[in-house]
Amino acid sequence: MIKKVLIANRGECALSILRSAKELGIETLVIYSKADAYQSYIYIADEAVCIGDKFSKDTYLNMDAIITCAIEKGCDAIHPGYGFLSESYEFAKKVCDAGLIFIGPSPKLIKLMGDKIGAKNLMEDIKVPVAKAHSLDGESEDEILEICDKIGYPIILKARSGGGGKGMRRVDSPENLFHYIDLSKAEAKASFGDERIFIEKFIENPRHIEVQVLSDGNKSLHLYERECSLQRNNQKILEEAPCNFISYELKEKLYKASLDCVRATGYLGAGTVEFLVDKDENFYFCEMNTRLQVEHAVTEMITGLDIIKEQFRIASGLGLSINQDDVKVSGHAIEVRINALDPMKDFTPSSGKINFLFTPGGMDTRFESAIYKGLEIPIYYDSMIGKIIVKDQRRLSAIKKLRRAIEETMIDGIETNLGFMYSILFDLDFIRGNISTNFIKEKETDLIKRMKEVRDNVT
């Protein structure tokens with residue numbers, strides 16, 4: 001088993017990894033920036049090192065500083081968590097070249113699956129459906145227009161490297177095509193250091209379904225599916241497992257496609273294979289995330305497995321602790337992300353000191369966060385400050401439990417999106433499962449109106 005791990009992340013992600021490591025008897029080292037000097041996990045870890053000032057590029061994205069710290073402090077492994085360097089081929093390679101264990105797949109696999117066009121080509125080779133796509137590589141404007149006509153509008157522009165909705169632009173006609181291409185390239189360059197983009201056929205009103213997979217090199221298994229259609233600006237805001245609104249036959253196809261991908265690549269570790277599903281249950285490979293997902297907790301709730309512990313086991317060469325037959329689904333779980341954003345001001349980021357905090361509890365209710373009363377929320381990083389995850393026997397009862405959990409949650413001093421998330425839980429289309437990736441876009445105005453009415457009645 002790994003003896004000491006450097007956790008190359010922050011916030012609730014770092015805390016989740018730290019907890020699993022401690023339960024396995026692994027010594028923990030956390031890094032932090034000066035802006036994060038009072039994060040709670042710093043006091044819980046066995047050791048903590050300030051790695052730089054405030055900005056991500058100088059701290060959580062500083063590859064050489066992180067690796068040097070790991071070596072100097074006697075670590076034998078680095079866990080990247082999600083975001084930051086978790087899907088960086090360069091970082092994974094540097095970690096391995098330094099003689100350390102990178103808790104994730106090999107650098108070669110990160111590079112393969114991180115190239116969206118390369119990943120699509122692989123999936124086509126193993127007979128998994130993909131949406132029509134074309135990578136832009138120096139074509140003239142006339143050639144690009146011809147390519148888009150062949151694919152058929154609407155199209156979507158995507159970054160070839162990275163994910164999280166960065167660089168994505170929907171285009172409905174040729175009029176603004178090149179303007180959006182410029183915007184997409186600029187955002188991709190800023191986010192991933194790679195301005196390459198590709199054109200893909202836009203699937204109208206799809207569901208976003210993903211399959212969690214684990215592989216230790218000898219055996220591969222799936223942990224069923226997650227419904228991740230509720231997104232704002234291509235960022236997930238609510239996830240649930242399992243998905244009650246697709247057929248058993250489609251689920252089996254998604255599991256098979258995901259495991260075929262794992263076996264074709266020789267994948268090692270935890271990963272997520274993502275699909276778009278249209279109204280006729282045609283499915284299309286979207287991408288593979290070669291890391292831990294923010295929403296891994298909903299899968300843990302319905303399976304009873306600790307995915308991070310399995311990552312540690314695989315990276316230590318011990319292999320998976322379970323077989324496919326051991327993985328059973330129990331109940332229904334839903335997660336909402338807590339973001340320091342102000343929905344009443346077009347979801348602008350909110351920072352400041354938390355003056356009061358009360359967190360939800362009760363049976364099968366998880367509050368995943370590193371925040372506490374008195375903590376200063378900085379402006380330098382992603383707005384997510386936590387998650388609430390609940391589980392109950394049925395989806396409707398899980399929705400009711402999540403309403404109760406949000407009602408209990410009190411965070412004073414900063415604005416959050418919890419009121420907005422609460423309003424979603426009363427929407428009839430959401431309750432009935434009539435959702436797609438366009439749900440928030442179509443209903444945002446009404447949801448904010450409902451949120452304001454609830455707030456006015458309370459105050």
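The values are calculated or read from the model by the stated rules, or taken from the named source; none is laboratory data. Given the structure is predicted, the values throughout are model-derived calculations rather than measurements. Note that we place each Cβ from the backbone using ideal geometry, even for glycine, and neighbour counts take in every protein chain shown. In case anyone asks, the SASA skips ligands and DNA or RNA and just uses the protein heavy atoms, side chains included. Shrake-Rupley method; radii C 1.70, N 1.55, O 1.52, S 1.80 Å.
General observations
- Residue in the stretch 24-36 that is more than 20 Å from residue 369 (Cα to Cα), touching a Lys or Arg at 6+ places or on another chain (Cβ under 7 Å), charged (D, E, K, R) and outside the structural domain of residue 385 (by the TED database) present: yes
- Scan of the stretch 312-321 for residues that are in contact (Cβ under 8 Å) with a residue 60 or more places away in the chain and in contact with a helix residue (DSSP H, G or I) (Cβ under 8 Å, 6 or more places away or on another chain), ordered by number: 312, 319, 320
- Residue 411 meets the conditions (1) more than 15 Å from residue 238 (Cβ to Cβ); (2) in contact with a Leu (Cβ under 7 Å, 6 or more places away or on another chain); (3) not in a strand (DSSP E or B) in every case but one. The failed one is (3).
- Which listed residue, of 78, 66, 110, is over 22 Å from the mean Cα position of the chain (by Cα) and either open to solvent by less than 60 Å² (accessible area, probe 1.4 Å) or not assigned by the TED database to the domain that holds residue 217 (or both): 66
- Among the residues listed as 351, 383, the single one being open to solvent by less than 60 Å² (accessible area, probe 1.4 Å) and in contact (Cβ under 8 Å) with a residue 60 or more places away in the chain: 351
- All conditions but one from (1) more than 20 Å from the chain's Cα centre (by Cα); (2) over 24 Å from residue 276 (Cβ atoms) apply to residue 371; the one that does not is (1).
- Considering the stretch 122-138, and only residues there that are more than 20 Å from residue 278 (Cβ to Cβ) and surrounded by 14 or more Cβ atoms within 10 Å (Cβ to Cβ), the residue that is modelled with the highest pLDDT turns out to be 122.
- Residue check for residue 150: at pLDDT below 95, exposed (fewer than 14 other Cβ atoms within 10 Å of the Cβ) and not β-branched (Val, Ile, Thr): yes
- Pairs, first closer than 19 Å to residue 227 by Cβ in the stretch 431-459, second in a helix (DSSP H, G or I) and among the polar types (S, T, N, Q), C-beta under 9 Å, six or more apart: 447/423
- Verdict on residue 419 being open to solvent by 20 Å² or more (accessible area, probe 1.4 Å), in contact (Cβ under 8 Å) with a residue 40 or more places away in the chain and either in contact with a Pro (Cβ under 9 Å, 6 or more places away or on another chain) or among the hydrophobic types (A, V, I, L, M, F, W, C) (or both): yes
- Residue check, residue 431 β-branched (Val, Ile, Thr) and more than 20 Å from residue 383 (Cβ to Cβ): yes
- Test: residue in the stretch 255-262 that is surrounded by fewer than 18 Cβ atoms within 10 Å (Cβ to Cβ), hydroxyl-bearing (Ser, Thr, Tyr) and more than 16 Å from the chain's Cα centre (by Cα): no
- Here the stretch 348-398 is the region considered, the condition is being out of contact with any helix residue (DSSP H, G or I) (no Cβ under 9 Å at 6 or more places or on another chain) and of a type in the set (A, V, I, L, M, F, W, C), and the residue that is farthest from residue 429 (Cα to Cα) is 375.
- Criterion violated by residue 60 - all others in (1) outside any helix (DSSP H, G or I); (2) among the hydroxyl-bearing types (Ser, Thr, Tyr); (3) more than 23 Å from the chain's Cα centre (by Cα) satisfied: (3)
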